[in-house]
1. Quick one: if the Förster radius is 25 Å, what FRET efficiency do MET56 and GLU134 give, using the C-beta to C-beta distance and rounding to 0.05?
2. Quick one: which of 80-90, 153-163 comes out on top by average Cβ neighbours within 10 Å, and what's the full order, highest first?
3. Quick one: with all protein chains in place, what share of the accessible area of region 62-166 is carbon or sulfur, to the nearest percent (1.4 Å probe)?
4. Residue by residue through region 35-52, what is 3J(HN,Hα) from phi via Karplus (6.51 cos²θ - 1.76 cosθ + 1.60, θ = phi - 60°)? Round to whole Hz and write x for glycine and proline.
5. If the cut-off is a Cα-Cα distance under 15 Å, which aspartates and glutamates reach LYS120, setting aside same-chain residues fewer than 8 apart in sequence?
6. Any chance you could run the full-extension gain for VAL98 through PHE36? It's 0.36 nm times the residue separation minus the Cα-Cα distance, nm to one decimal.
7. At what distance in nm do the modelled label points of SER110 and GLU70 sit from each other, each positioned 7 Å from its Cα along Cα→Cβ?
8. Averaged per residue, what accessible area in Å² does region 38-83 show with a 1.4 Å probe, protein chains only?
Amino acid sequence: MRKWDFTMAIVNQGKWYRFKPASCQGHRSTRSSCGFTLVEVAISILIIMVLATGAMGYQYHSTRDVKLSEVQATASRLSMLLLEGWKGTEGADDFDPVSVFGSEITIETSTIGPDVAQNKWGWDFDLLDRYVVEMNETVYYVTLSWNDAFFFEPKVLNCVVTWRNDYMQGQLEGDEPVVQYSAYFVNY
């Protein structure tokens, strides 16, 4: 019996039994046809590692994108909530969202916030105030402003919401994402 003719041999009551893998049965086997070489195993492991790394990268980016979309949706809902509350006070120039929504959301006045919006002629809106709101482990900075009604145009109420890229509290750098909504109030 030659050494390369079998993969495994078992001795039972003095008899030798030879077992060959399914790929080796039916033909004369050689060392290269009855198993994997170290190079083949290393290449297989390398391919599996590349695929696993790609899958982990995909998972990281999809998780990050889900967080960003949740933050954007919350910023949009916050903006609409503040504008609808302001419209409910008939667009009052002394609207205070802290007293209106303070028991429902974490909101405080702030010195930090996005820039005041501009009207269609390029003039700045009148600043109502700046606020900081914390929701879902994210800190939002809000600027409320308005533009008085002219002749046949309605009063424009504007809300600009932004947040830092790390979702924490701190100074704004100017490259943060922004959500901006306007609502109109007509008093006939």
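1. On the way: r = 31 Å, r/R0 = 1.25.
With R0 = 25 Å, the Cβ-Cβ based efficiency is 0.20.
2. 153-163, 80-90
3. The nonpolar share, carbon plus sulfur, comes to 50 percent.
4. Per-residue couplings from phi come out as x, 9, 7, 4, 5, 5, 5, 5, 5, 4, 5, 4, 5, 5, 5, 5, 5, 5 Hz.
5. Cα-Cα hits under 15 Å: ASP148, GLU153.
6. Going from the current span to full extension adds 15.2 nm.
7. It is 2.0 nm.
8. On a per-residue basis, region 38-83 sits at 73 Å².
The values are calculated or read from the model by the stated rules, or taken from the named source; none is laboratory data. These numbers were taken from a predicted model, which means no experiment stands behind them. Counting neighbours? That spans all protein chains shown, and the Cβs are built from the backbone with ideal geometry, glycine included. Only protein heavy atoms, including side chains, enter the accessible area calculation; ligands, DNA and RNA are left aside. Shrake-Rupley method; radii C 1.70, N 1.55, O 1.52, S 1.80 Å.
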